[in-house]
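The values are calculated or read from the model by the stated rules, or taken from the named source; none is laboratory data. None of these values were measured; they are calculated from a predicted model. For neighbour counting, all protein chains shown are included, and Cβ atoms are generated from backbone atoms with ideal geometry for every residue, glycine included. Remember, those area values only see protein heavy atoms, side chains included, never the ligands or the DNA or RNA. Shrake-Rupley method; radii C 1.70, N 1.55, O 1.52, S 1.80 Å.
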Amino acid sequence: SSSDDADAQNHDIDLLSLVANLESMVLALFDDNEASDVNIEYVLSLLFSTPASYQSQLRKLDSERSEDENYPENEADLGIDKDENDHLSFPGALHFLSDSLKSKNKETTKAKVQLLKFIAILIKIVNKSESYSIDTYRNGLFIILFDFFKREDSGELRSTLLQPLKNLLRVHPCSISCEVIRLDSIYDNLIAELKQNKYTTKTIKGETFKLLGLLVAAYPHQPVTIKAVESILNICESTLNKNFDSQRSKGEPEFGPIAGAFSCIDRCLFEFEKRFQNSADLWKYALQAIKATAQSEVSRYAAANKALRLIKHHASLFRQLIGLNAKTVYDILFHCHSVEKDSCKKHMDDALYAVLSEIAAYVVDNKLQLEGGQRSISTSQRAGGRKTKAKEVEDPTVATVRGLFESYLKAIQNENSEDILHAVKGITCLAPAALSCLGNVMSLNDVLHIIIASAEHYLGSAELKYGGEVDSHSILSLNSKVARNKSLYLSAVASLIYSHAHQSVVLSEKVRNFVHEFTVDAIMGYSKVWERTQQIICRALCQCLHAFASLQVLANRVDASSIVDGSGTMQSEFAMRSIFSNYIDAVIPALFLRAVSRRLQEEEVTSTMITLSDITGEVDDRLFTIYLQLWMELLDPCDVQTKALLIINCDPSYMTAVSPLLFDGLMSFTIDTLKSLDLSYVYNDVTSTVLPTNIADQDILLNIVSLMELLLKRINSKNDIVRWMALLTDLLIDLSVDF
């Protein structure tokens with residue numbers, strides 16, 4: 001590498017091709033499963049080794065961090081060697097970027113842009129890998145790349161430099177020390193970039209907003225973040241006002257900065273939501289951005305996509321605004337959904353269903369369903385001096401909910417409909433307001449039977465059959481499609497059951513059998529699907545557990561003195577209790593036995609599911625590592641969308657009604673299983689060795705131990721563990737003595 005433009009021009013080296021070839025070779029190493037003899041860590045060190053001009057800075061920061069938490073205030077004190085002629089003996093990728101700082105050579109600039117894009121992609125790949133890590137490079141990478149951003153002149157290079165910086169923060173941001181990278185200085189530089197630098201391009205503004213959002217999300221509780229977030233949100237709001245306010249905007253909106261502002265606000269709202277609670281302006285701007293998808297200009301889609309992501313994550317902040325304008329808001333979102341723009345697909349569906357959920361929540365919050373959806377018009381109205389007659393009109397929000405619910409029921413009954421899954425998801429979202437939708441027209445079981453009939457036909461007609469040789473990727477995709485569709489139907493049924501739980505409903509045998517069958521199928525297939533489908537399965541299981549547990553809890557609340565006769569009330573309460581008991585009896589054995597089993601030879605798994613044995617170093621075919629995640633999520637849901645569903649359905653709470661009973665069932669079944677194992681050994685006279693009588697039972701024991709030592713340490717409620725310690729330890733001591 002050389003910083004001399006004239007010298008660079010004299011070299012017969014095509015830098016752009018060189019970088020492209022480097023990119024191809026390195027990415028091929030990550031794709032090639034047979035490249036086990038290649039030291040990937042060495043390849044990463046070649047790419048990310050620190051230039052000498054930055055080594056003194058990092059050493060100084062390291063020593064300062066060990067001695068004192070007070071860091072120098074100005075950039076000159078960071079120890080950055082400004083001598084750009086300080087060439088290095090070790091030619092890493094960062095050295096080329098360092099040596100060619102502020103180069104005016106166009107070919108060099110193109111090569112640097114390509115190299116930075118490659119580094120951003122590589123960081124993204126390594127972020128998703130469990131086998132490789134760049135954690136040891138993160139601090140240095142961030143400091144060096146950010147310094148390049150401050151010192152470079154090219155607008156294209158500066159905007160591209162922000163891409164790897166963003167990717168460093170997307171996964172494991174805690175491995176980047178906010179003290180080492182001097183977070184306060186970074187905030188100051190980025191805010192100044194947006195407010196004071198008149199040469200900042202639209203693209204840089206948009207990317208700067210996104211980086212600020214990631215920083216706030218990574219370090220939300222740091223004092224420097226709390227201090228800076230007000231200024232950040234002010235700039236975001238000012239940018240949106242400037243571009244959307246008809247009186248202030250001049251010419252076409254700047255969609256790059258708009259997209260960045262939405263992205264930044266979205267990430268900030270997870271911790272700093274009060275500022276925008278029911279903010280009419282922010283909601284109006286988001287809808288305006290979404291409407292832009294009707295235009296053919298592609299640049300508009302980025303802003304719409306970020307607005308959709310904001311709605312997907314934070315629709316609950318705008319519940320009042322959504323509920324009061326339910327029909328209009330739904331029409332805007334559904335139109336965007338129907339247009340099917342590829343660039344907006346990522347968040348479109350989730351945003352639409354988030355809005356539907358908030359419409360239903362608005363109906364529930366305002367108890368509109370209890371009033372039959374009727375709103376009284378004042379009797380003192382006068383027209384031309386005459387008193388008008390009072391009249392009852394249907395609340396417009398309830399009318400919207402009822403109309404949508406009826407259309408969804410019709411859609412799932414139409415075998416030729418292309419929107420069956422959309423209708424199933426819509427029913428799930430509107431379920432909390434189901435009483436407003438159904439009234440006295442249909443019973444709960446009637447509606448559930450319609451959904452079950454649709455599931456049987458839709459899933460039956462779409463049954464997947466493998467013919468000929470099918471690669472593992474296709475098998476996983478096909479398994480995932482079936483499992484996802486089954487889980488969506490399961491969620492719809494569970495949501496409707498919960499919405500009627502307080503009415504002491506008795507579910508038909510057909511409904512109970514459907515839920516049990518689909519639940520066991522979901523559990524058994526959990527290890528055979530993509531990670532995103534696993535999340536959908538887990539969400540559906542949480543909803544089912546919560547719905548059936550609610551039937552039991554609400555049945556226990558019934559005052560016995562209110563039961564006047566035995567004409568069915570007592571039978572109803574008993575049925576509600578037994579439904580949950582029977583469901584738990586189906587769930588726990590399937591979950592437990594699958595977790596302590598081994599993967600069948602024909603089962604395909606994704607690369608992220610593969611773990612290596614601590615003993616042999618070979619691929620471990622035990623399933624406890626995969627099902628550990630499912631157990632943890634069922635005991636204490638952490639998924640954002642799952643928690644949102646359970647918050648809407650909050651009486652009784654999931655953590656009160658489900659988690660303790662699920663944990664008790666797990667421990668009880670564990671103890672019963674341990675008691676049933678044959679752990680004895682026999683002496684083989686021929687080989688003079690001691691062999692297990694039943695090797696399968698020995699294997700189950702090892703898997704139980706592996707599962708429990710990982711699961712129990714992650715249980716938040718230590719009281720739940722304490723209740724079982726005496727029983728469990730007594731049994732384990734007896735087993736160790738006996739065998």
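Quick notes on this structure:
- Odd one out for residue 678, checked against (1) part of a helix (DSSP H, G or I); (2) over 30 Å from residue 350 (Cβ atoms): (1)
- Verdict on residue 736 being over 18 Å from residue 589 (Cβ atoms) and open to solvent by less than 50 Å² (accessible area, probe 1.4 Å): no
- Subset of the stretch 273-311 (residues that are modelled with pLDDT of 90 or more and open to solvent by 50 Å² or more (accessible area, probe 1.4 Å)): 280, 281, 284, 288
- Filtered residue count, the stretch 157-179, keeping only those that are under 20 Å from the mean Cα position of the chain (by Cα) and assigned to a helix (DSSP H, G or I): 7
- Any chance residue 238 is modelled with pLDDT under 95 and either among the small types (Gly, Ala, Ser) or part of a helix (DSSP H, G or I) (or both): yes
- Residues that are of a type in the set (Gly, Ala, Ser) and crowded, with 20+ Cβ neighbours inside 10 Å within the stretch 480-524 comprise 480, 483, 487, 491, 492, 494, 495, 499, 501, 522, listed in sequence order.
- A single entry from 610, 700 fulfils the requirement of being of a type outside the set (Lys, Arg) and at pLDDT 85 or above: 700.
- The number of residues in the stretch 446-468 being buried (at least 16 other Cβ atoms within 10 Å of the Cβ) and modelled with pLDDT under 90 comes to 1.
- Residue 180 vs. criteria within 24 Å of residue 127 (Cα to Cα), among the aliphatic types (A, V, I, L, M) and open to solvent by 40 Å² or more (accessible area, probe 1.4 Å): no
- Filter result for residue 93 (over 22 Å from residue 171 (Cβ atoms) and buried (at least 16 other Cβ atoms within 10 Å of the Cβ)): no
- Selected residue (only one of 345, 391, 410, 367 is modelled with pLDDT under 95 and within 26 Å of the chain's Cα centre (by Cα)): 345
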